[in-house]
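Working notes, structure below.
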Amino acid sequence: MEISRGQRVRIDQLIAGSPRFTLQVDVPASGLTIDFSCFGLDGAGKLADERYMIFFNQPLSPCGGLSSAGESGRFSFDLDRLPATVERIVLTAAIDGSGTMGELGNGVLTITPVSGALSRFAFGGADFARERALMLAEIYRKDGSWRFCATAQGFNGGLAALVQHFGGMLAASSPEPVPAPAPAKVSLSKITLEKRGDKVSLEKRGSGIGHGRIVCNLNWRGGSAPGAKSGLLGGLFGRRRTSGIDLDLGCLFEMANGTKGAVQALGNSFGAYDRPPFIHMTGDDRTGENAAGEFLYVNGDHLAELRRICIYAFIYEGAANWGQARGVVTVSVPGHQPVEVCLDGHDDRMNMGAIAMLENDRGELRVTKLAEYFAGHRELDQRYGWGLRYQAGAKS
């Protein structure tokens, strides 16, 4: 199906039989560097939750209904998983650096359902002038169903202006690891734990019974690419390449009742979110090609039943080259700025790296940077006094 600019179509006409589909934006090489983003908005058209701004450094929404695949302009959707508070999704493009949208060649947005025919929407620079951003398409709820609109609307200003337009703000990164203040509608800054032993305590916020869903994401930033960004947006949109190393995320846990164990892909020990240990791992990115990386979800509403969690990464296959992998773990707690811990200070003689310790500190969640390296699980276990027994294992 060919869709024209301004046309509105019911989603079920484009993706009959499934709420899941992908959007791929392709633009010709025109000397422009373009960032693609996706905003999940409420009924007022505002971004009330920063976790529903999806881009390649925040590639997955809390519900899993929105995700991106790096800088490729590819987004995946599962509409049934979106909360009722998300009523509109806007796909945008913004120029990073010099240039205007009038310099674009002929681009195309392709909608690919799980099964069935492709749909295409063509656009080009001739439709625009000196705008530096575009609202390419909208997916919105109306009369109980989802609809698609090919907007291709120019927008004056870049990515920061888009964020502000949707009710958010860009805040400077915190220079010291201190608790984040109560956020405005959205703050895209981060707390970076720079040195071994740096820590931050995050208190419970909101009206829920606990901290909500705590997300620990391991992403690989192997190598560097020309044109890597710097400054405020650089921390949010740094380039990444596949490292060729199978770097795995995992954790040791100790519960308040003394129960201990591990959650990791090795041995297929993926845990559980709604029952002990209240930690669940999803995704085993064996190549680094998955822009979303790997995730551990901690049920923060059961923090009282958890004593401590040691988050680690280990190289399952490939030579130990932590500098090439450049792994980064981001801990996201509802109501707080994300806490970022980099796998720096590495020792390439070692295959196992302890990244961060999460501890229940009288109801607050304390995050401490570890940045220590070991020959394997046993050595890491001994260092932090877990006392587990180990045997050889493999991933299926």
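The values are calculated or read from the model by the stated rules, or taken from the named source; none is laboratory data. Here the structure is a predicted model, which means the values were calculated and not measured. Please note: Cβ atoms are built from the backbone with ideal geometry, for glycine as well, and neighbour counts cover all protein chains shown. The accessibility values were calculated without ligands, DNA or RNA, using every heavy atom of the protein model including side chains. Shrake-Rupley method; radii C 1.70, N 1.55, O 1.52, S 1.80 Å.
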> Expressed in nm², what is the orientationally averaged projection area of the convex hull enclosing the Cα positions of region 1-131?
Replying inline: 8.3 nm²
> Hey, any idea what % of region 1-119's accessible area is carbon plus sulfur with a 1.4 Å probe?
Replying inline: 46 percent
> Carbon and sulfur atoms: what percent of the 1.4 Å accessible area of region 347-390 do they account for?
Replying inline: 40 percent
>> Greater than 28 Å separation of Cα atoms is the criterion. Which listed pairs, Lys46/Lys199; Lys204/Lys260; Lys199/Lys260; Lys46/Lys204; Lys46/Lys142; Lys46/Lys190, meet it?
In response: Lys46/Lys199
>> Please report Rg (one decimal) and Dmax (integer) in Å for the Cα set of region 30-104.
In response: 13.3, 40
> Hey, can you rank 138-150, 330-342, 81-93 by average C-beta count inside 10 Å, highest first?
Replying inline: 330-342, 81-93, 138-150
